[in-house]
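Undergrad: Starting off with a structure, shown below.
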Amino acid sequence: MEKTPHTSRRQQLGMLWSSQTPALRGILLMCLSTVAFSIMHGLVRFVSEILPPFQIAFFRNIFGLAFLLPLLMRSRFAMLRTKRIGLHALRGVVNVGAMLMFFTALSISPLAKVTALSFTAPIFMAILSVLILGERFRFYRWLAILFGFLGMLIILRPGLVAIDIGALLVTASAALWAVAMVIIKMLSRTESSVTIVAYMGIFLGLFSIGPAVWVWQPFGLETLAWMVVIGLFGSIAQMSLSQSLKETDPTALMPFDFLKLVWTALIGAWFFAEVPDIFTWIGAAVIFSCGVFIAFREKRVSAYVEGDSGSAV
């Protein structure tokens, strides 16, 4: 049977993509996720002027899952086969808490400030690895954590300016997101990106019904359309992020995550007249640099331990 030009082009694109190195594919997917996340956050901020954040979160999960249905149906729902349903559910519980707090923060705080504070997630991951996973105390790690929280203080400036509830919510959200990232990485070892995102949509949809009903507000078709778009970009962002983590090591991806601050700053300035102050940029740079340093240092230590040696510095 003769192949159509459309199929031929699609195959050529697939071959071109496959010919790239895993590191490059991961970086491109990570960059795509930063764009999609930033657009979604801007839309959440826009729609939050009409609907409560909890209601937006519910529809983001429902429509996000709807966009995955064609892929699931094509595989006859084989992508939902998993032996790690408990871990998926746990990720859903953690993620719904983080999402509800983050969406609320987006509705009441400047976009760039929320994004800058969200970079504390890797700092919280480093703390969790010591307190919960029992990893060894290392001086460089705690020094990086200290500077990371210094960066957070630069943004918040407690005592000099009032700390708004949005800043507290996004910081708590970052702590929960750190837990979710650990779970995602564990799941990505055996599950496909579609499976991870599909179960995220299922469990987050279920877990967000109650909060949404509690604050439910009526809305029109135009608002519904915006929430469909939020779901679309949310699915693109999550699938790109999950697949990027499967393609290559997080240490190769983390430097590109800073693009989220660039995109959200542009969206905030263009659509909401929010110009981030110099403290937001400086604090974000400090926090982000500490997160990248921790990731790269952990990779070096892991390689050192695997290659032998007895103890890590």
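The rows are residues; the columns are (1) touching an Asp or Glu at 6+ places or on another chain (Cβ under 6 Å); (2) modelled with pLDDT of 95 or more.
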residue: 26; (1), (2): yes, no
residue: 39; (1), (2): no, yes
residue: 50; (1), (2): no, no
residue: 55; (1), (2): no, yes
residue: 66; (1), (2): no, no
residue: 71; (1), (2): no, no
residue: 74; (1), (2): no, no
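Undergrad: Scan (1) in contact with a helix residue (DSSP H, G or I) (Cβ under 9 Å, 6 or more places away or on another chain); (2) surrounded by fewer than 17 Cβ atoms within 10 Å (Cβ to Cβ); (3) more than 30 Å from residue 267 (Cβ to Cβ); (4) at pLDDT below 90 for the single condition residue 17 breaks and write down its number.
TA: Failed condition: (3).
Undergrad: Before we move on, is residue 50 within 22 Å of the chain's Cα centre (by Cα), farther than 16 Å from residue 236 by Cβ and touching a residue at least 24 places away in the same chain (Cβ under 8 Å)?
TA: The answer is no for residue 50.
Undergrad: Right, another one. Among the residues of the range 121-163, which ones are in a loop (DSSP other than H, G, I, E, B) and either modelled with pLDDT of 75 or more or under 24 Å from residue 109 (Cα atoms) (or both)?
TA: Let us first name the residues in the range 121-163 that are in a loop (DSSP other than H, G, I, E, B), namely 132-138, 157, 159-160, 162-163.
Listed by number, the residues that qualify are 157, 159, 160, 162, 163.
Undergrad: Given 196, 202, which one is within 15 Å of the chain's Cα centre (by Cα), assigned to a helix (DSSP H, G or I), surrounded by 14 or more Cβ atoms within 10 Å (Cβ to Cβ) and aliphatic (A, V, I, L, M)? Give the derivation first.
TA: Numbers: 202 fails: within 15 Å of the chain's Cα centre (by Cα).
Every option except 196 fails the conditions.
One line per residue, one yes/no per condition, for (1) β-branched (Val, Ile, Thr); (2) at pLDDT 85 or above; (3) part of a helix (DSSP H, G or I):
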{"position": "234", "(1), (2), (3)": "no, yes, yes"}
{"position": "264", "(1), (2), (3)": "yes, yes, yes"}
{"position": "281", "(1), (2), (3)": "no, yes, yes"}
{"position": "310", "(1), (2), (3)": "no, no, no"}
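Undergrad: Quick test of your reading of the structure: residue 154 fulfils all but one of (1) touching a Gly at 6+ places or on another chain (Cβ under 9 Å); (2) crowded, with 22+ Cβ neighbours inside 10 Å. Name the failing condition by number.
TA: Going through (1) touching a Gly at 6+ places or on another chain (Cβ under 9 Å); (2) crowded, with 22+ Cβ neighbours inside 10 Å one by one, residue 154 breaks only (2).
Undergrad: Return the residues of the range 252-300 that are touching a Lys or Arg at 6+ places or on another chain (Cβ under 7 Å), surrounded by fewer than 16 Cβ atoms within 10 Å (Cβ to Cβ) and among the aliphatic types (A, V, I, L, M); say none if nothing qualifies.
TA: none
Undergrad: Which of the residues that make up the range 146-194 are small (Gly, Ala, Ser) and more than 21 Å from residue 249 (Cβ to Cβ)? Walk me through it before giving the result.
TA: Looking only at the range 146-194, we keep the residues that are small (Gly, Ala, Ser), and these are 148, 151, 159, 162, 166-167, 172-175, 178, 180, 188, 192-193.
The answer is 151, 159, 162, 166, 167, 172, 173, 174, 175.
For (1) within 28 Å of residue 224 (Cα to Cα); (2) of a type outside the set (A, V, I, L, M); (3) assigned to a loop (DSSP other than H, G, I, E, B), each residue gets a yes or a no:
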site: 12; (1), (2), (3): no, yes, no
site: 51; (1), (2), (3): yes, no, yes
site: 61; (1), (2), (3): yes, yes, no
site: 72; (1), (2), (3): yes, no, no
site: 86; (1), (2), (3): no, yes, no
site: 94; (1), (2), (3): yes, no, no
site: 100; (1), (2), (3): yes, no, no
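The values are calculated or read from the model by the stated rules, or taken from the named source; none is laboratory data. From a predicted model like this one, the values you see are computed outputs, not experimental measurements. Ideal geometry is used to build each Cβ from the backbone, glycine not excepted, and the neighbour counts take in all protein chains shown.
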